[in-house]
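Inspection log for the structure reproduced underneath, given as structure tokens.
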Amino acid sequence: MDDKNFNDIDININDYDIVLKIKDENDIAVSRQMAKSFAQKNNFSLADVTKIATAVSELSRNIYRYAKEGYIYIKKKETEPDKDVSIEIIAYDRGPGIENVEQAVAGGYTTSERSLGLGLSGIRRLIDSFYIKSEVGKGTVVMAEKRRRRF
Amino acid sequence: MKDVVISRLGELVEGLAKKDEQKKAWEDFLVEFAEVCGKSDLKEKLKAPISNLLDRISEKELSDGIELLHEKLDNFPTVDVYKAIIEALGKKNDEYLVKIAELRDVLSELSTPIIHLWQDVLLAPVIGTLDSQRAQNMAEKLLENIADTRAKVVIVDVTGVSMIDTIVGEFLIEMFSAVKLLGSDVILTGIKPEIAHTLVKLGIDFNMVIIKRDLESALKYTIGKFSKGTEKKQSNTKRGDIDEN
Amino acid sequence: MKTKFTMVVPTIKLYDYLIVPIQIELDDLTIEKLQMQLLNEISEKKIRGIILDVSMVDVIDSYISFVLSETAAMAKAMGCHTVICKIQPQVALTLAQMGIKLKDVFTANSLEGAVDILNRLD
């Protein structure tokens, strides 16, 4: 896979409601606060707001810890006005990449000393659809989507 | 047009319907129709009469009737009438959708009651088919209730559940560990053979949950534990007193 | 008395228990500082039980729960038990769904419950 191929997920910054650069340890807390208020504004249930904020927190930390810097993109998706609303989160970095994606997503596996290794597997359980693409030396893209539940 | 309708009212109504009830419905409609006929913005003015007519006769009877009127009356404003019918039906459909949403809310409220059984004891009887949506709603409601009431024990009774799929099973396990994180105990009762089968296949950690055969033994256990708890509390107070001195 | 550590969170000493109401956003640096602060207080104030009140904490992710468990294990090594009380219901759901277990930590849904647990452990 070459560089160009890795970018086959087209991210048009203008489509996203929130674009955040993760560079500082402090940005992790900022990203989860922004995700939280964005989900709240879009009438997600309190539990789902917390799940979205937690997922974003995990994604930002992964960027900060492994890639040093990267981006978090968040947008609201609607199939029809007021029907089937969802929030899409993308974490993108050009860091070292993940060697064994399957193992990382399965959980209980970590390359970092101070971690439970539950980051990626946790995110996958918190949200409704999950996509990850990673290549060693190129970077990692994670796409996560959470639908708003009816009633 | 107005005069024609009024003068032929009896004849038209006879042709439109057989039963008295429907005849009356058509008669009322034709009178109202004659009133607005020929005026500007006919479609808007026809909406109310059509909607009333639809409440009293079926859609089939309506379309047959309009066809008849179209044939019998010259210059019958068929297009405007049909526009009004479509809009009236659309409005009715919207009303039904709202009603369905309301009923769904009521259903979810009714199907996941949480009962304050005793001081520090909540009962959550689960009834009917659990899907992941309902399981999540129930989990949210139950946890909020525990946080508000500071209940020490939650009895989850699944006697009314005939089947659990793996996804719902996972949600239940998550709900139980969340309850534990709040610092409360879970007692699970009323597990049917099929559910026991699913739960074991899922690899549920039975150590996390206290399982009792039925509600009766769950209650006995809870009360036993509860009174033990009070004894301990008393001894604690004594200890506290000594500390203070 | 001089304190050798920087205070991140104000704490309350009750008998030989330490009540820690966390009312700040827990970012990675803060929680690491809090860990050191608590360990220092355990040793200086001869604390036998720590009660962490997290009712104001909106998000607990895998790293924060890791540090909390780690702190509890360190406290345990110093002869001190840890109770986390008043976890928000939606935070508990999130942790449970992620499959996170708080090791070496007791949980309670009220301050009284937390004190009861510590009393029982003595």
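Somewhere in region B:94-114, is a residue surrounded by 14 or more Cβ atoms within 10 Å (Cβ to Cβ), among the hydrophobic types (A, V, I, L, M, F, W, C), outside any helix (DSSP H, G or I) and away from chain A (no Cβ under 13 Å)? Yes; the residues of region B:94-114 include at least one that is surrounded by 14 or more Cβ atoms within 10 Å (Cβ to Cβ), among the hydrophobic types (A, V, I, L, M, F, W, C), outside any helix (DSSP H, G or I) and away from chain A (no Cβ under 13 Å). Which residue pairs have Cβ atoms closer than 6 Å, lie 6 or more positions apart in sequence or on different chains, and pair a first residue in region B:31-51 that is over 15 Å from residue B:89 (Cα atoms) with a second residue that is of a type in the set (Lys, Arg) and surrounded by fewer than 17 Cβ atoms within 10 Å (Cβ to Cβ)? That search, which allows pairs on different chains as well, returns B:34/B:2; B:37/B:2. Taken residue by residue, region B:141-159 has no member that is crowded, with 19+ Cβ neighbours inside 10 Å, at positive phi and touching a helix residue (DSSP H, G or I) at 6+ places or on another chain (Cβ under 8 Å). Only one of the numbered conditions (1) modelled with pLDDT of 90 or more; (2) in a loop (DSSP other than H, G, I, E, B) is violated by residue A:71, and that is (2).
Looking at B:135, B:124 in this structure, which one is more than 14 Å from chain A (Cβ to nearest Cβ), within 30 Å of residue B:187 (Cβ to Cβ), out of contact with any His (no Cβ under 7 Å at 6 or more places or on another chain) and of a type in the set (A, V, I, L, M, F, W, C)?
Working: B:135 fails: more than 14 Å from chain A (Cβ to nearest Cβ).
Answer to the selection: B:124.
Against the numbered list (1) over 30 Å from residue B:140 (Cα atoms); (2) modelled with pLDDT of 90 or more, residue A:56 comes up short only at (1).
Residues in region C:95-122 that are part of a helix (DSSP H, G or I), aliphatic (A, V, I, L, M) and within 14 Å of chain A (Cβ to nearest Cβ): C:95, C:96, C:98. All conditions in (1) free of Cβ contacts under 8 Å to residues at least 60 places away in the same chain; (2) within 23 Å of residue C:89 (Cβ to Cβ); (3) more than 14 Å from every other protein chain (Cβ to nearest Cβ) hold for residue B:155, with the sole exception of (1).
Answer yes if at least one residue in region C:29-49 is surrounded by 23 or more Cβ atoms within 10 Å (Cβ to Cβ), at the interface with chain A (Cβ under 10 Å from one of its Cβ atoms), of a type in the set (Ser, Thr, Tyr) and over 12 Å from the mean Cα position of the chain (by Cα), and no otherwise. No - not one qualifying residue is present in region C:29-49. Can you find a residue that is in a helix (DSSP H, G or I), among the polar types (S, T, N, Q) and either modelled with pLDDT of 90 or more or more than 15 Å from residue A:127 (Cβ to Cβ) (or both) anywhere in region A:88-106? Yes; the residues of region A:88-106 include at least one that is in a helix (DSSP H, G or I), among the polar types (S, T, N, Q) and either modelled with pLDDT of 90 or more or more than 15 Å from residue A:127 (Cβ to Cβ) (or both).
Yes or no, residue by residue, for (1) crowded, with 20+ Cβ neighbours inside 10 Å; (2) under 30 Å from residue B:142 (Cα atoms); (3) at pLDDT 95 or above:
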position: C:10; (1), (2), (3): no, no, no
position: C:19; (1), (2), (3): no, yes, yes
position: C:63; (1), (2), (3): yes, yes, no
position: C:80; (1), (2), (3): yes, no, yes
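Residues in region B:161-210 that are closer than 20 Å to residue C:113 by Cα, of a type outside the set (S, T, N, Q), facing another protein chain (nearest Cβ under 10 Å) and crowded, with 20+ Cβ neighbours inside 10 Å: B:176, B:178, B:179, B:181, B:182, B:183. Just one of the listed residues (B:74, B:55, B:80) is among the acidic types (Asp, Glu) and at pLDDT below 85, and it is B:74.
Residue-by-condition table, conditions (1) surrounded by 15 or more Cβ atoms within 10 Å (Cβ to Cβ); (2) modelled with pLDDT under 95; (3) away from chain C (no Cβ under 14 Å); (4) closer than 18 Å to residue A:142 by Cβ:
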residue: A:1; (1), (2), (3), (4): no, yes, yes, yes
residue: A:20; (1), (2), (3), (4): yes, yes, yes, yes
residue: A:24; (1), (2), (3), (4): no, yes, no, no
residue: A:32; (1), (2), (3), (4): yes, yes, no, yes
residue: A:77; (1), (2), (3), (4): no, yes, yes, yes
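As for region C:86-94, it holds at least one residue that is away from chain A (no Cβ under 14 Å) and within 28 Å of residue A:49 (Cβ to Cβ). All but one of (1) within 14 Å of chain C (Cβ to nearest Cβ); (2) in a helix (DSSP H, G or I); (3) in contact (Cβ under 8 Å) with a residue 12 or more places away in the chain; (4) under 25 Å from the mean Cα position of the chain (by Cα) hold for residue B:144, so report the exception by its number. Every condition holds for residue B:144 apart from (3).
The values are calculated or read from the model by the stated rules, or taken from the named source; none is laboratory data. Bear in mind the structure is a predicted one, so any value in this text is a computation, not a measurement. Backbone-built Cβ (ideal geometry, glycine too); neighbour counts: all protein chains shown.
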